[in-house]
Each structure stands twice: as C-alpha cells, then as structure tokens.
1. Val92 is checked against (1) in contact with a Phe, Trp or Tyr (Cβ under 8 Å, 6 or more places away or on another chain); (2) at pLDDT 90 or above and fails just one. What number does that condition carry?
2. Can you name every one of the helices (runs of 4 or more DSSP H) wholly within segment 39-150 that holds 1 or more residues which are free of Cβ contacts under 8 Å to residues at least 24 places away in the same chain and under 26 Å from Arg12 (Cα atoms)?
3. When segment 15-42 is examined, which residues are found to be of a type in the set (Phe, Trp, Tyr) and at pLDDT 90 or above?
Amino acid sequence: MKIMKDYDEFQRFWRYKYGHNALFILIGMLALNVSFFIEDFNWAASPEIELWILLFISIIYFSVMTNFRGANEHTIEKNKMMHFTLIALSFVMFYIVYIGYQEGPTYLMKNGKLESGFIHLLLGISFLSDSVASYAGRLYENWKERKARE
C-alpha cells in the first residue's frame, strides 16, 4: 500500500477505522434508499443526485473524523495552507449556492425534492467542516495534554 506508507501507525489505525465506519454508513443509507425506491418514494430529483448526496454524507463523515483525530496531519506548513484553501473553497461553494438561490429558490429544492444545487451546498459544508474539525481536534489534544500535566 503505497498510499498509506506516509502515515504512522496511529494515523493508519484511525483512517482504517473511520473508513470502515464510512463504508458501513454508506451501505446502510443505500439499503434505506433502495427500500424507498421499492416504495416508489424519491427524495431527490433523480437517482443520480440521491446517490451523490449519500456518497457525500459518507465522505464528510470520514474526512471530519480523520481530521479531528489528526489522521491527516503531515506538517504544520502544509496544514496552514490546506486550511486556508479549504475555507476559501467552502466560501466559493456557498457563494455558488447563494447565486443559484438568487436566480430562483428551486436551485436547492423543487416540488419537495432535492436538486443538483444541493451538492454544491454539501461540498461547501464538507470543505468548511474539514478545516473546523482539524482545528477542533488540535484544541482537544492540547486540552488533554494540559489536563494530563495537572
């Protein structure tokens, strides 16, 4: 596994753990979605949008949890640039959603079904939550270290 050689044992453990959890979450959501499909209930404009939304939920879970546990940390310099980039991308995605919503409220939802614009909202949430989770994880680790010293 060439990809995982850059991570230490601690980081690999958390990545494998949350990767399995994300996979099981995705399988559960897909099974639930299939049961909705059998009942002829659609909650998004198309089955492709439903699949993308479920996939993004699973990806957001994985990325937030690994960032919180520090399983994506490499160097401080890379982290600062990464956080700035993620925050900038999140604001770009939120701006795209805002512009789309200004053109018409059906950008996110139409007739009670989620539209493709909702994926932009999920991307913005994903980018922002990655940065916030990493920062919160570092604050939590610092708090634990201070608590252990007392």
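1. (1)
2. Values: elements: 47-68, 76-103, 117-149.
In segment 39-150, the matching helices (runs of 4 or more DSSP H) lie at 76-103, 117-149.
3. Of all residues in segment 15-42, those of a type in the set (Phe, Trp, Tyr) come to 16, 18, 24, 36-37, 41.
Residues satisfying the conditions are Tyr16, Tyr18, Phe24.
Every residue, every condition in (1) of a type in the set (A, V, I, L, M); (2) within 18 Å of the chain's Cα centre (by Cα); (3) modelled with pLDDT of 90 or more, yes or no:
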residue: Ile57; (1), (2), (3): yes, yes, yes
residue: Ile60; (1), (2), (3): yes, yes, yes
residue: Met65; (1), (2), (3): yes, yes, yes
residue: Gly70; (1), (2), (3): no, yes, no
residue: Thr75; (1), (2), (3): no, no, no
residue: Met82; (1), (2), (3): yes, yes, no
residue: Gly104; (1), (2), (3): no, no, no
residue: Gly124; (1), (2), (3): no, yes, yes
residue: Tyr140; (1), (2), (3): no, no, no
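The values are calculated or read from the model by the stated rules, or taken from the named source; none is laboratory data. Source: prediction; values computed, not measured. Using ideal geometry, Cβ is built from the backbone for each residue, glycine included, and neighbour counts are taken over all protein chains shown.
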